[in-house]
Ligand code: GLN
């Protein structure tokens, strides 16, 4: 067993024994039914090796981790014109803040807060029907994960569609400011469905390889090294909403969380990592997921801010 395998096994055992696990996201009723006593971790390396621990093959709702993939697609579609639609500064506010959107006149602060992701969905929708836009998103994720079995959990999508009144408020406000092109219902439909994609830690760690390895995976280019760097920068600054500073302070790598309890982490040049534990903290970030990544980056000396002293 090498150092990484030993550490991953140790982290999985430690997380299984934790009693403070955070709370599952019951504001989306279907997510409220998930058993909080689960934990998974998967690490893919530059040589193609993948090291897993705990419930690494259990599928969960990827929720806002999907925004990394829709950002990649929206940048591919309209390039730097995207920055006229959405900013790239940390929000310092909850992911579903309405007040910030109002004082910034409908232009979301960054692509990872909910309003920002609605702007991305609108860009991907442009010129397409919702079914085609969703098909493009799913096709891209299956491609980068190298797994055609990845699918949308329709129960979760329905659950969010029935209760997503705050997201509807954000989308309507953006439309009122002329910041959405497609009908609000189409934009919300695409957004709710891509958040409801179900994947395991192993599948997400595979899907994040292009971000860790300069836009390339399996010998092919997915996007330019410059764009991969920029997406990583946004993940570091904005990927955990108003918990992004704390995540950078403790973990020290670009990461994107989802309220399903997953976190996708990128260790540039070294690894793509996914951890999952359904209990979240007040900022909507996985409690044990962050702790596990903190152990991993410390143990491996993987912080982007410098090696362990
Ligand atoms: N679908 C969720 C929502 O809109 C995504 C939030 C998240 O994962 N942070 O509330």
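Only the coordinates and a few stated rules stand behind these numbers; no lab work does. Quick caveat: nothing in here was measured; it's all calculated off a predicted structure. Ideal geometry is used to build each Cβ from the backbone, glycine not excepted, and the neighbour counts take in all protein chains shown.
Values computed for the structure shown
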{"item": "Alpha-carbon centroid distance for the pair the stretch 205-245 / the stretch 1-37, whole angstrom", "result": "24"}
{"item": "Max mean-square fluctuation residue, GNM over the chain, Cα-Cα springs under 10 Å, options 72, 58, 221", "result": "221"}
{"item": "Relative contact order of the stretch 10-134, defined on C-alpha pairs under 8 angstrom at six or more residues apart (%)", "result": "17"}
{"item": "For the chain, alpha-carbon Rg and Dmax in angstrom", "result": "17.8, 58"}
{"item": "Average Cα contact separation per residue, the chain, under 8 Å, 6 or more apart, as relative contact order %", "result": "26"}
{"item": "Residue of 61, 277, 126 that the Gaussian network model of the chain assigns the largest fluctuation, springs spanning Cα pairs under 10 Å", "result": "126"}
{"item": "GNM flexibility winner over the chain from 25, 115, 176 (Cα, springs under 10 Å)", "result": "176"}
{"item": "In nm, spacing of pseudo-spin labels at residue 129 and residue 37 (7 Å Cα→C-beta vector)", "result": "4.6"}
{"item": "Relative contact order for the stretch 62-145, counting Cα pairs under 8 Å that sit 6 or more residues apart, in percent", "result": "34"}
{"item": "Added length on full extension, which subtracts the Cα-Cα distance from 0.36 nm per residue, residue 93 to residue 47", "result": "12.7 nm"}
{"item": "Ellipticity estimate at 222 nm from DSSP helix runs (n ≥ 4, -39,500 (n - 2.57)) divided over the chain, nearest 500", "result": "-14000 deg cm²/dmol"}
